[in-house]
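**Student:** Shown below is the structure under consideration.
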Amino acid sequence: MEDILRPIYQERASQLNTLGVLMVQKKQKLSHITDSFDVILLVLIKEAEQPLFIKHYTYHDKKAAMHIITEAKLQEWLLLGTNRKIFEWLHEAKIIFDRNEYVAELKTELREFPFNGRKIKMGLEFAKLIRRYVDGKALFEGHQFLDAYNYVVHSLHHLARLAVLENGLHPELTVWNQVKQIEPEIFKLYEELVYSEETLEKRLELLFLASEFMIHSRTTIGTNHFLEILSRKEVWQFNEIMNEEELTPYSVDLAVLLEYMIEKHLVDVVNIETKGQGVFHRGYRLSKKLS
């Protein structure tokens, strides 16, 4: 199949906009890595109007997919974890073409996983964890147990990914296999939720108690990135936080995370006068206990 695809990737490699070309081949019949394709071609480019362009090919009984990805889209995936397969692809891929060692340096960076990159990813996972936990608990208190169960499963998944990141690793698609080795307590929580013979209400009740402790123990590492950005300015209004470039990835989880940090006395609320009597703008600043 590689011989058949050679003219295709050689054409891409000859273009100055191309940073690298990688090939991921299916290793076994039921391999999930290549999305049922025999080969995935990854073409990394500097820029394009369309950040992701995919083409499918077929040859006799074989099929291949070519993913043309801009550098900005790739970095977004690596930061936000919105395409988790990309980590496996980059890890498993054979480098076909590499301009100025771009791909080699990228793979080295992923392998070494610089602390700053981990810090941001831990912050994002923690924000998602808080959102799922808060929403799930509200549903539980409203006796919507099936919906609460769904939220708890997701919150445990974010807790698992956070634990993997904390240990200096990238969360993989098989995150529970990773967690079973490095954080068995979280894996046990997941097993108790899924396999316990207790009533659903009782299982959820126990899980919320246990999760609260585990969330509390990870609050420092989970909020470190956010609070570091907040410390750069005396007082922020919410819209300023929302539009701060380094905080925009927190997106829809931002308000819930901020309220959590206020509750935990990591962030103080500041009243800012308005023209209306008795009405104040709500400002936020790093807690005086931390500064």
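**Student:** Output the number of the condition that E198 fails; it satisfies all remaining conditions of (1) closer than 22 Å to H154 by Cα; (2) part of a helix (DSSP H, G or I).
**Tutor:** (2)
**Student:** Which of the residues that make up region 85-99 are in contact (Cβ under 8 Å) with a residue 24 or more places away in the chain and either part of a strand (DSSP E or B) or open to solvent by 20 Å² or more (accessible area, probe 1.4 Å) (or both)? It would help to see each step written out before you state the result.
**Tutor:** Filtering region 85-99 for residues in contact (Cβ under 8 Å) with a residue 24 or more places away in the chain gives 85, 87-90, 92-99.
Of everything in region 85-99, those that are in contact (Cβ under 8 Å) with a residue 24 or more places away in the chain and either part of a strand (DSSP E or B) or open to solvent by 20 Å² or more (accessible area, probe 1.4 Å) (or both) turn out to be K85, F87, E88, E92, K94, I95, I96, F97, D98, R99.
**Student:** Please work out which one of (1) farther than 30 Å from L146 by Cβ; (2) open to solvent by 60 Å² or more (accessible area, probe 1.4 Å); (3) outside any strand (DSSP E or B) is the condition H216 fails and give its number.
**Tutor:** (1)
**Student:** Look through L52, L16, L44 and report the one residue that is surrounded by 20 or more Cβ atoms within 10 Å (Cβ to Cβ) and not β-branched (V, I, T). Steps first, please.
**Tutor:** Numbers: L52 fails: surrounded by 20 or more Cβ atoms within 10 Å (Cβ to Cβ); L16 fails: surrounded by 20 or more Cβ atoms within 10 Å (Cβ to Cβ).
Exactly one residue qualifies, and that residue is L44.
**Student:** Within region 240-251, does at least one residue satisfy the condition of being within 26 Å of E212 (Cβ to Cβ), surrounded by fewer than 15 Cβ atoms within 10 Å (Cβ to Cβ) and modelled with pLDDT under 95? Show your work before the answer.
**Tutor:** Initially, region 240-251 is screened for residues within 26 Å of E212 (Cβ to Cβ), giving 241, 247, 249-251.
After this cut, where a residue has to be surrounded by fewer than 15 Cβ atoms within 10 Å (Cβ to Cβ) as well, the list is 251.
Now restrict to residues that are modelled with pLDDT under 95: 251.
Scanning region 240-251 turns up at least one residue that is within 26 Å of E212 (Cβ to Cβ), surrounded by fewer than 15 Cβ atoms within 10 Å (Cβ to Cβ) and modelled with pLDDT under 95.
**Student:** Among the listed residues T82, T108, identify the single one that is surrounded by fewer than 18 Cβ atoms within 10 Å (Cβ to Cβ), closer than 28 Å to S211 by Cα and β-branched (V, I, T). Explain how you work it out, then say what you get.
**Tutor:** On the way: T108 fails: closer than 28 Å to S211 by Cα.
T82 is the lone residue from the list that is surrounded by fewer than 18 Cβ atoms within 10 Å (Cβ to Cβ), closer than 28 Å to S211 by Cα and β-branched (V, I, T).
**Student:** Next up: Among the residues of region 60-72, how many are open to solvent by 40 Å² or more (accessible area, probe 1.4 Å) and either of a type in the set (K, R) or in a strand (DSSP E or B) (or both)?
**Tutor:** Taking region 60-72 as the starting set, the residues that turn out to be open to solvent by 40 Å² or more (accessible area, probe 1.4 Å) are 60-63, 71-72.
If we keep only those that are either of a type in the set (K, R) or in a strand (DSSP E or B) (or both) as well, we get 62-63.
Qualifying residue count for the region: 2.
**Student:** For I86, only one of the following conditions fails: (1) more than 14 Å from the chain's Cα centre (by Cα); (2) under 20 Å from G20 (Cα atoms). What is its number?
**Tutor:** The number of the failed condition is (1).
**Student:** Does region 25-41 contain any residue that is closer than 11 Å to F97 by Cβ and either in a helix (DSSP H, G or I) or modelled with pLDDT of 90 or more (or both)? Full working, then the answer.
**Tutor:** Within region 25-41, the subset closer than 11 Å to F97 by Cβ is 41.
With either in a helix (DSSP H, G or I) or modelled with pLDDT of 90 or more (or both) added as a condition, the list becomes 41.
Within region 25-41, one or more residues are closer than 11 Å to F97 by Cβ and either in a helix (DSSP H, G or I) or modelled with pLDDT of 90 or more (or both).
**Student:** Among L189, L204, L209, L193, which is part of a helix (DSSP H, G or I) and loosely packed, with under 12 Cβ neighbours inside 10 Å? Break it down into steps so the answer makes sense when it comes.
**Tutor:** Working: L189 fails: loosely packed, with under 12 Cβ neighbours inside 10 Å; L204 fails: loosely packed, with under 12 Cβ neighbours inside 10 Å; L193 fails: loosely packed, with under 12 Cβ neighbours inside 10 Å.
Going through L189, L204, L209, L193 in turn, the sole match is L209.
**Student:** Kindly provide the set of residues from region 111-125 that are open to solvent by 50 Å² or more (accessible area, probe 1.4 Å) and either of a type in the set (F, W, Y) or in a helix (DSSP H, G or I) (or both), ordered by number. Lay out the reasoning, then the answer.
**Tutor:** Quick first cut of region 111-125, residues open to solvent by 50 Å² or more (accessible area, probe 1.4 Å) only: 111-112, 114-116.
R111, E112, F115, N116, listed by residue number.
The values are calculated or read from the model by the stated rules, or taken from the named source; none is laboratory data. Every value quoted in this text rests on a predicted model; they were computed, and no experiment measured them. Cβ atoms come from the backbone with ideal geometry, glycine included; neighbour counts cover every protein chain shown. All accessible areas refer to the heavy atoms of the entire protein, side chains included, with ligands and DNA or RNA removed. Shrake-Rupley method; radii C 1.70, N 1.55, O 1.52, S 1.80 Å.
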